[in-house]
Structures are given as structure tokens and as C-alpha cells.
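Colleague: Got a structure here, written out as C-alpha cells. Questions coming.
The values are calculated or read from the model by the stated rules, or taken from the named source; none is laboratory data. Remember, it's a predicted structure, so these values are computed and weren't measured experimentally. Neighbour counts are summed over all protein chains in view; Cβ atoms, including those assigned to glycine, are modelled from backbone coordinates with ideal geometry. We work out accessible area using only protein heavy atoms, side chains counted, and drop any ligands, DNA or RNA first. Shrake-Rupley method; radii C 1.70, N 1.55, O 1.52, S 1.80 Å.
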Amino acid sequence: MALGIFPQSLHFQLHSPSFSSHRRTVLARNSNGSEPSPNGSPSPAEQWTIPGKPEADFVVIGSGIGGLCCAGLLARYQQDVLVLESHAKPGGAAHSFKVKDYKFDSGPSLFSGFQSRGPQANPLAQVLDALGESVPCAKYDSWMVYIPEGEFLSRIGPTEFFKDLEKYASMDAVREWRKLLDAVLPLSGAAMALPPLSIRSDLGVLSTAAARYAPSLFKSFVQMGPQGALGATKLLRPFSEILDSLELKDPFIRNWVDLLCFLLAGVKSNGTLSAEMIYMLAEWYKPGCVLEYPLGGSGEIVNALVRGMQKFGGRLSLKSHVQNIVVEKGRAIGVKLRSGQFVRAKKAVISNASMWDTLNLLPKESIPKSYQDRINMTPQCESFMHLHLGFDAEGLREDLGIHHIVVNEWDRGVDADQNVVLISVPSVLSPNLAPPGKHVLHAYTPGTEPFGKWEGLDRNSAEYRNLKATRAEVIWKAVERALGPGFSRKKCEVKLVGTPLTHQRYLRRNRGTYGPAIEAGKDTFPGHSTPIPQLYCCGDSTFPGIGVPAVAASGAIVANSLVSVSQHTQLLSSIGI
């Protein structure tokens, strides 16, 4: 689930040279590829011819949201950029795929902020704005919640949730929720004071962010008063510390906040940055707030980013599997593809792969041991079980909503395996995702499926098939609960069960992981530079972390850091921030 929010806190590593701007004429290939091969790995025979010369100023490994945001902005900055994607479709975890006229989202499904503009906008919206692109969306304001206390339609906004608390929790929960909002909403001005697109990872940030937005930051502190300003010092601390300081003890409130934190950051409140949660609460519990779903599915976000990049001369090469990053005289000078072709990066290589997968692309002798140790010791979130269904809508209630969240037991914790299931039925808002009278559904356990249960299994074995059926059963039952008696497994025309091995294979994720499980207050996400000159990283293994807005911000930060301060400042002015 990709929440439309962003932790607006700062973390810099001062290791990013700027390059002069120039532009070359390039050929841009259409990004629409065929479906991935059955094993998810195009063979050398399937290799696409790279559009234009096999070189660029910047070579980006991977076309996830972070990589495309980075590449799009670099193209917007008039840099020659080439994105190399292993698969036949761009988008990474956000790509869409089609089976029997059903179009499925592979990953993110909960979005907001696409229509936002200005300094406090969603960073993905800011990147799209810079590229002159937009994503048409359907708007809604609620999702169904199934918890041990009962089931209810939860609405975002300033007042509706109080009614749910009164009915399904207690008056103590109502009072504590009001106390929480009263305490954190005034802090949202500080949490959102620096637009993510203003950040760069060198001293130029003093001009593009600190000086440029100092008045608004100062104003937010004045409005908060002394007590609020003191509270703002907790923005980079775990959100649980704010809960504890307010003496919030109601079990429902603590469980609900843990659930929101886990869906947002992959960790509970004791590991989630306060800035992230404060931003989310401000976005979801303010007057007039809405959630958004991209019409046509999450792949439309990817298409918009690709269009924007290509509009400014950027190139995308699909079925171009990077075998390793080439390091010469201590510097990253390009990549070698599985076909054997060398692609030169004249200025830098940028990896959108995870930290663990990037490490595996590098020659062992080129990596400082301290860097290897840090990456290998970084804890990982677990993986996923996925269920993709295409089925007849006959007999289902007409008011079926797009999103459903099922929590089986609070006592086990929201991060326990087989305990929380998220369900998305996007065809209720975007009917073109399914044939007439049909629905598509994506249900999954959110980063809680242990990879260890699957490690070493032969995907063609009976043991693997049996484990798939067993571990998917909790998802099937959640779907049956959410859709009601009108749903039947027999009515499904498409049934796809994904496991951590599927996640590992198709998305090229080390151990199928959701991403780093870095807890606020204990460690920080790595920056975007590496010990190897001319090698940078973006995506969910870097600051600011997991989630669509965060990875969009990471891509933007890398792109900003690789151009001059004047170019960066001009971009900010051109989009009105």
C-alpha cells in the first residue's frame, strides 16, 4: 500500500559534484513493451536494441518510480539520460500487467495528493508537474475496516472518525484521538515546511531549501508558539515518543496508530518518524481531504513519468538486464548488460535497485568493507503473499468500495505474519480495468510473509504448490469476508497467487523484501551517494525511505544534486515552489 505522504525531514551526505548542462539529440523508444516472459527474466535473444548510442551522461539502473523520477528530472535539466530496465515493462513494483483482459496493479494501490500543487504538494505530483504531465484520478474518501471489534466504513476528514471511535472503541478513545490531533496538527507546518523537490545532498541545499524557505519555516514556528516549537524537535524521533508524552494508553488508539504506521513505513509507531505520521494525519484529517486512484491503474503513473522523460529527450531501454556495474580506477564508468554489451556513463551511474541488489552488482574488490558491512547488517522487512483475481461482479453489493483492511488479532501485532490483509478492488472506480460486469482484485499481506519459509524451495515442486495454497488461505478468507456471500472462488476467471519467491524473481528484490526495516531513533536511511565516485542510489533503500512519495522524493534529490544550484533554483521557480 503506497500512502500519499512524505516525511519532510532532512538528512544529507555531502558528496555530490555538480555538472554543467548540455543536451544531445537522442532517439526515444516507446515504453510499451510486451508482457514479461514466464520466468520474468528476458533472455539475451530478447534483448532490445538500445535507442541511440550505448552511452549517456547518466545511466539509471531500473525504472521504478524513484528511477523514473530521477531520470525525468535529469532530462528536464537537459542532461542525456538512459534508463535500463530488465523487464518488458517499466515501473518496477508499480507496473501494471494484463491477463485475459483483466489489468492488475502489481503493488501500490492507495494514493493521495496527485492533484496537489505548491510547496506542500506530494513529491510525485511535484515531479509530474515539472515534467508537464498529470494523472487523471477518481476521488473517494473511505475504506472498509474489519477488526476484532467489528467492521465499519472509515472516512478520512476531521470529524467522521470520532463517530467510529465512539461506536467501536470507547469515549476514552475519542478523547485520546482528539488529544493526539490537537497536539500534532499544529506541528504539520514544520513537517511540511521544506518541499521535497527543494532538497539536494550537497551544500547547495543552503540556497535551494534553507534560505529559500526560511520565512515559511520561521512563520510555522511562530504560529506553533513555544510549546509547539519544542514539540517540533521530536519530528525526527519515533512517533511512539509523542504518544507516550501525551499519555495515550487506550488500546484501540495505540493499535490503530501502529496499523497506520506499519502501512506507511513498514514498522510500528516505535520505529516510524514522527514527521511522516504528522504529515499523514494532517493530510487525512483535514477538511476537504480525499484519496485518489489513477484511472487505468498504477501503470498510468509509470506511463506519465515515461512520457515526461521522453518529452525532454530521455531514453528507456526495456529487456536490458544489467549484469554488473563497471568500476575502473575506482570510479563507476558504466554497466555491462547480460548480453555482454557495455553501456558507458559519462558522468554517473544511478542505481534504483535495493541496497542489497546494488551491492551484488559491484565488483567485490571495489567496495569498502565498512560499506558492505553496513548494508549486510541493515534489517529487512519481510516479503509478501499476493492474490490477483479477475471475477464476475454479479451478486456483489453495488456499494462495494475500493479498499478493505482486515486485522485478525490486535494481540499478535500488526506486523505479525498472516494477521493483516489489504484488499484493493480498483475496478469499482476504474471500470476499464476489467471486462464489462467483471472486477479485478489485488489482495496481499503487507510485508509480513517470512522469506525463510520459502527459501530454497523448488518452484516446480509439490511442496511449493502446497505451501502456496496453505499460506494464501488467509487472504482468500479475508477476500470472502470483505466481498460477502455474493463472491465465490468458483466465479474467478483469473487466479494468481504470488509468493516471496515471485516477489524476488519478478521485481528483483533481495529475499523478496518490502525494503529496509530501519527504525527511527536507532538508525537512519543511507543517503544517495556511495563510497564509489560517480555511483549514486535512489529508491526505497535511501532517504527518505519506503512508499511512493518517499521514493519519488529520493529520485528528485539525486537529480537535483547532479546539476547546478542555478538550474535547480530555476526548476523550483518554474513550478511555483
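Colleague: Can you bin segment 116-191 into rounded, prolate or oblate? Criterion: square roots of the alpha carbon gyration tensor eigenvalues sorted a ≥ b ≥ c, rounded for a/c under 1.5, prolate for a/b above b/c, oblate for the rest.
Modeller: Since a/c reaches 1.5 but b/c is at least a/b, the shape of segment 116-191 is classed as oblate.
Colleague: Tell me, what is the per residue accessible area of the chain in Å², probe radius 1.4 Å?
Modeller: Result: 37 Å² per residue.
Colleague: For segment 470-540, state which trypsin sites (Lys or Arg not before Pro) are in a DSSP loop and have at most 16 other beta carbons lying within 10 Å of their beta carbon.
Modeller: Lys522
Colleague: For n ≥ 4 DSSP H runs only, could you compute -39500 (n - 2.57) per run for the chain, divide by its residues and tell me the 222 nm figure to the nearest 500?
Modeller: -10000 deg cm²/dmol, from helical runs alone.
Colleague: Separate question: Let a ≥ b ≥ c be the square roots of the eigenvalues of the Cα gyration tensor of segment 61-213; is it rounded (a/c under 1.5), or, if not, prolate (a/b larger than b/c) or oblate?
Modeller: oblate
Colleague: I'd like the carbon and sulfur percentage of the solvent accessible area for the chain, probe radius 1.4 Å, heavy atoms only, ligands and nucleic acids excluded.
Modeller: 52 percent
Colleague: Using the Cα centre of the chain as origin and beta-carbon charges of +1 (Lys, Arg) and -1 (Asp, Glu), tell me which of Leu507, Ser154, Thr358 is placed farthest towards the positive end of the dipole.
Modeller: Selected residue: Thr358.
Colleague: Between Leu206 and Ala138, what FRET efficiency follows from the Cβ-Cβ distance if R0 is 45 Å, with the result rounded to 0.05? Mind dumping the intermediate values first?
Modeller: On the way: r = 41 Å, r/R0 = 0.92.
E(calc), rounded to 0.05, equals 0.65.
Colleague: Same structure again: At a 1.4 Å probe radius, which order do Thr208, Thr470 fall into by accessible area, largest first?
Modeller: Listed by decreasing accessible area, they come as Thr470, Thr208.
Colleague: Once you have a ≥ b ≥ c as the square roots of the Cα gyration tensor eigenvalues for segment 291-430, tell me rounded if a/c is under 1.5, and otherwise prolate or oblate according to whether a/b is larger than b/c.
Modeller: Because a/c hits 1.5 or more and a/b fails to exceed b/c, segment 291-430 counts as oblate.
Colleague: Taking a 25 Å limit on the Cα-Cα distance, which of the listed pairs Lys89/Lys364; Lys438/Lys477; Lys53/Lys347; Lys89/Lys311; Lys100/Lys468; Lys98/Lys490 fall beyond it?
Modeller: Details: Lys89/Lys364 30 Å; Lys438/Lys477 20 Å; Lys53/Lys347 15 Å; Lys89/Lys311 19 Å; Lys100/Lys468 22 Å; Lys98/Lys490 21 Å.
In this structure, Lys89/Lys364 lie more than 25 Å apart at Cα.
Colleague: Same structure again: Filter the trypsin sites (Lys or Arg not before Pro) in segment 68-161 down to the DSSP loop ones having no more than 13 other Cβ atoms within 10 Å, then list what survives. Show your work: numbers first, answer last.
Modeller: Working: sites: Arg76, Lys98, Lys100, Lys103, Arg117, Lys139, Arg155; in loops: Lys100, Arg117.
Answer in residue order: Lys100.
Colleague: Report, in order of residue number, the helices in the chain meeting two criteria: a C-alpha extent of 24 Å or more along the helix axis, and a mean Kyte-Doolittle hydropathy of at least 1.0; treat each whole DSSP H run as one helix. Write down the numbers at each step before the final one.
Modeller: Working: long enough: 212-232 (25 Å, 0.10); 462-483 (30 Å, -0.40).
Once both thresholds are applied, nothing remains.
Colleague: With unit charges on the beta carbons (Lys and Arg positive, Asp and Glu negative) and the dipole taken about the Cα centre of segment 275-329, which residue among Ile301, Val326, Ala282 sits farthest to the positive side?
Modeller: Result: Val326, furthest along the dipole toward the positive end.
Colleague: Right, something else. Within the set Lys249/Lys522; Lys319/Lys491; Lys103/Lys346; Lys234/Lys286; Lys167/Lys491, which residue pairs have Cα atoms separated by over 30 Å?
Modeller: Violating the 30 Å Cα-Cα cut-off are Lys319/Lys491; Lys103/Lys346; Lys167/Lys491.
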